[in-house]
Amino acid sequence: MNQKNYWPPIIISILAGTCIGLAVLLIQEKQKIADSSYSTSVKIATPSVVNIYTQVIQQKGLNDSSTAKHSINLGSGVIATKDGFILTNHHVIQNAQSIVIALHDDRRVEAKLIGSDPSTDLAILKIDLPNLPNIKMGNSDKVSVGDKILAIGNPFGIGQTVTAGIISAKGRNSIGLNTYENFLQTDAAINPGNSGGALVNLRGELIGISSAIYSSTGGSQGIGFATPIDDALNVMTDIIKQGEVIRGYLGMDAQKITQSLADNLLLPTNHGLLVSDITKESPAEKAGIEVGDIILEINNTPSEDPFQIRHLIASLKPGTRISLVGLRGQQSYQTNIMLEKQPTMQRITY
């Protein structure tokens with residue numbers, strides 16, 4: 001009779017427990033390393049972040065080329081696609097006569113400007129090189145206040161630099177830097193030269209394009225702003241397809257009604273938007289909207305936040321009809337307005 005090997009249940013339990021214990025220890029050790037180091041995130045993201053050098057020629061006289069001044073400006077950018085489209089800030093490449101991209105692997109190449117959008121301070125460049133390390137895209141809608149993040153760029157032209165911080169706030173829209181603000185705020189150090197660089201999560205995914213700092217000294221004071229990547233990708237898609245971002249245009253300016261404003265102006269309501277300006281020959285003027293009107297709803301959306309309405313109008317295409325509910329004195333009214341294409345240089349923000 002053959003004797004079969006027999007493992008008592010207690011031995012099997014001990015071996016299983018030992019294996020599980022070792023696995024837990026390995027996971028805990030790996031987590032400790034992840035918590036104490038950002039090296040994995042940095043290795044994933046940094047090859048996709050580039051340094052940008054622009055040459056701007058400033059000429060003093062109209063016909064005197066000898067007085068022309070050449071200046072080199074510094075910035076950063078992010079390789080967004082394998083075929084060489086680069087996201088950066090409009091102000092990084094503004095008025096540039098030439099744009100040179102320096103890659104992480106020391107390759108240098110001149111870039112072509114595909115288009116820019118001053119209203120969001122974004123620009124799209126194109127380079128033609130093989131084996132480009134495009135960055136992994138994150139989702140800025142899923143970012144939460146308190147999340148750890150990294151800022152990668154070329155501050156002061158000293159070379160690629162990584163700083164760490166957290167998301168301090170979302171949806172900052174009254175900074176006064178551009179028309180369509182929806183900034184992520186961070187305390188990661190962002191300095192001159194970081195503009196156009198990457199804000200990434202700890203998976204090395206791009207969640208924002210570093211845009212500006214709030215500072216009284218010109219250096220980082222723990223308040224930096226980045227354009228969410230979801231917004232940036234929408235702008236990039238429009239610029240690549242159309243050469244520009246085409247937005248809906250209403251042609252009015254308005255401010256939020258507060259209780260104090262309602263009391264001071266004896267307004268019939270303490271909510272809505274008070275129309276303060278109408279552009280001549282705009283869709284708003286053609287529809288009969290007047291200064292002093294109170295806008296209560298646009299497309300069934302209550303008009304409580306001027307920034308929200310601004311983004312709503314801009315998100316719609318020219319030719320779209322919107323429904324507007326307003327109040328003039330004690331009389332309410334409803335009208336349909338066909339949006340037009342927003343002029344390239346337009347002071348009015350709706």
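The values are calculated or read from the model by the stated rules, or taken from the named source; none is laboratory data. Here the structure is a predicted model, which means the values were calculated and not measured. Because the Cβ atoms are built from the backbone with ideal geometry, glycine has one as well, and the counts that use them run over all protein chains shown. Remember, those area values only see protein heavy atoms, side chains included, never the ligands or the DNA or RNA. Shrake-Rupley method; radii C 1.70, N 1.55, O 1.52, S 1.80 Å.
General remarks:
- Each part gets one Cα centre, and for the range 177-211 versus the range 71-117 those centres are 16 Å apart.
- Local electrostatic count, Ser276, Cβ distance below 12 Å [Lys/Arg +1, Asp/Glu -1]: -3
- Entries of Lys112/Lys280; Lys136/Lys170; Lys256/Lys341; Lys170/Lys286 with Cα pairs more than 31 Å apart: Lys112/Lys280; Lys170/Lys286
- When each of the peptides 279-288, 84-93 is scored by the mean number of other C-beta atoms lying within 10 Å of its residues, the order from highest to lowest reads 84-93, 279-288.
- For the range 296-317, the residues whose backbone nitrogen is under 14 Å from a point 7 Å from the Cα of Ile246, taken along Cα to Cβ, are 315-317.
- Rounded to the nearest 10 Å², the accessible area of Ile278 at probe 1.4 Å: 30 Å²
- Distances between every pair of Cα atoms in the range 84-142, grouped in 10 Å steps from 0 to the bin holding the largest one, split as 20, 48, 28, 4 percent.
- Relative frequency of Cα-Cα separations exceeding 18 Å in the range 237-327, percent: 46 percent
- Carbon + sulfur, % of accessible area of the range 269-350 - ligands and nucleic acids excluded, 1.4 Å: 50 percent
- Measuring between their Cα centroids, the range 144-173 and the range 238-275 lie 31 Å from each other.
- Note on the range 118-262: the alpha carbon radius of gyration divided by the globular reference 2.2 N^0.38 Å gives 1.14.
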